[in-house]
Amino acid sequence: MIGQTISHYRITRELGAGGMGVVYEAIDTKLDRIVALKFLPPELVRDREAKARFVHEAKAVSSLDHPNVCTVFEIDESESGQLFLAMACYEGEALNAIIGRGPLPLGEAVGIIQQVADGLAKAHDRGIVHRDIKPANIFLTRDGLVKILDFGLAKLTEQTQITKPGTTIGTVNYMAPEQARGEEADQRSDLWSLGVVLYEMIAGRVPFAGEKADAIIYGILNSQPEPVTRLRSGVPLELDAIVSKCLEKETGRRYQRAGDLIDELEMLESTGNFGPARTVISPATRSTARHSSPLAAESSGKTPRVRRWSLVALFC
């Protein structure tokens, strides 16, 4: 499709592909801007369930006007009948790549979680459950703004359920117990997944791991994760308690609302134990700090190159 013009979008390159779509970078010829186009795979066009889920994604995300949620411009259909979303492109890096370089500073980790929780609070207020919160679906822009990616597995709680009962949806390491059992997910499921992400940013590893999905699911359902205070020195007990509450196996014992989690993070921030929580180091800045000495950075005079990625390029 490279070089083709779909509607008023001229496709320039492919950015990524996953189970629910292929993403291309394109030029909006009407407004002269770079966008990302996410196409439903051709082989799934005839699949009513996949197509309905894709349309629900478009409706869900486009209804959210929030700085921590990716921007959807429109949903359209090509002449060949392929549905696609036109979405914003940002410069930056996905959180999974950042975590891959090691645990994050505590204040930065808390700041990222606060921004994600802010976006989820807006989604949950609209009856939208993401259902697949994980580092690959959390994007840090070059300016340090956090964006939630890929609501392709989200659903509108007041609409007809698209997902078949008894099936598991999401990424195994970040699934809440109820998701692992194939039960209905709600906003507390997103907060469990967010707790896993926070744990991973602090400890450098997920709380439940294994070589096979069955082993991971067993741990999620039956095991207690090792406290982050044992895995990293200097972690405040209050932060350990926040992580533990997110990872309560019974939904009634978790945070019930994203706002409740935000409130406790702000209280933790006010203690000043590890610096301001909302200070998020941009990917470009951290890359310089970790991979170059101050002298080398100063003498080279070069700014680290950060690729332009679509917010949905890393959704798989």
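The values are calculated or read from the model by the stated rules, or taken from the named source; none is laboratory data. Since we're looking at a predicted model, the values are computed, not measured. Here the Cβ is made from the backbone with ideal geometry for all residues, glycine too, and neighbour counts use every protein chain on show. With ligands, DNA and RNA removed, areas are computed over all heavy atoms of the protein, side chains included. Shrake-Rupley method; radii C 1.70, N 1.55, O 1.52, S 1.80 Å.
Strictly over 29 Å apart at the Cα level, which of K59/K212; K134/K212; K122/K249; K51/K134 would you flag in this model?
From the list (K59/K212; K134/K212; K122/K249; K51/K134), the Cα-Cα distance tops 29 Å for K59/K212.
Ranking request for peptides 129-140, 210-221, 100-111: highest mean number of other beta-carbon atoms within 10 Å first, then the rest in descending order.
The most tightly packed comes first, giving 129-140, 100-111, 210-221.
D263 to K249: extension gain in nm, 0.36 nm per residue of separation minus the Cα-Cα distance?
Additional length available on full extension: 2.9 nm.
Over segment 71-110, with every protein chain in place, what whole percent of the accessible area is carbon and sulfur at 1.4 Å, could you tell me?
Ligands and nucleic acids excluded, carbon and sulfur give 47 percent.
If you roll a 1.4 Å probe over the heavy atoms of the protein chains, what accessible area per residue do you get for segment 1-152, in Å²?
Averaged over the residues of segment 1-152, the accessible area is 37 Å².
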